[in-house]
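Here's the structure we're looking at; comments come further down.
The values are calculated or read from the model by the stated rules, or taken from the named source; none is laboratory data. Remember, predicted model here, so these are calculated numbers, not experimental data. Side chains included, ligands, DNA and RNA excluded: accessible areas come from the protein's heavy atoms. Shrake-Rupley method; radii C 1.70, N 1.55, O 1.52, S 1.80 Å.
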Amino acid sequence: MKKLSMRLAAATILALACGAAAHAADHLITFEEPGLTAMSNSPGSAVPAGSQLHDQFLGIGVSFSSGAGFVAVVNHGCCTASVPNIIGGTTSGGALSYGTPITITFFDPADTTAPGITDFVQIRGDFIPIPGTATMNAYDALGGLLGSVTRDDVAAGVDLNLSFAGIHSVMLSQTSATIGLDNFAFDNVTAVPTTPAIPEPETYALMLAGLGALGWVARRRRR
């Protein structure tokens, strides 16, 4: 019992040390879901059709892209947040490339052609440390940067998480080109709030004319 308690305490300290977020996200994609076929972990190899991940999760409001318009689902074998699959970027020619940034974009689940937003995102790196860092940038629906986080590649796994209102997309990049990414978590996706339409110049002219007429009527009544 004492040994178990010590192990739990050590695990807790390790989680705190690597910045794990104490957030129960609404959705978790482990990349072991049915329908995904992982390729071998061979950077530079062409990504087979069955290992190409793009819009398979649009039903919950998220899509994945990289240099070739999709990311690669890869069998890492071990040492990940959920064994065995991870994701990696792709070159413009469709080859596996961990050094190519990955973009994850949110869409309204009720209308997957319309942009969506969430307020929390998180992804983990594999547990094989190689000198380097990973970065996640979050953007709003207009492309404005909301925030960024950079973490070292450590044995506990890179933990990238951001919490902002209005996250429409995130970009994942790294310096070592060796980090496989796993367990993408995020909160429910909603539609981007609509903003009031800006009146056309003709509308302003009619409004001014109407106000002028009201002023004229008011002056006549005073007389």
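A few points about this structure:
- Accessible area per residue, Å², region 123-182 with all protein chains present, probe 1.4 Å: 40 Å²
- Pairs of alpha carbons in region 71-147 whose separation is greater than 16 Å (percent): 64 percent
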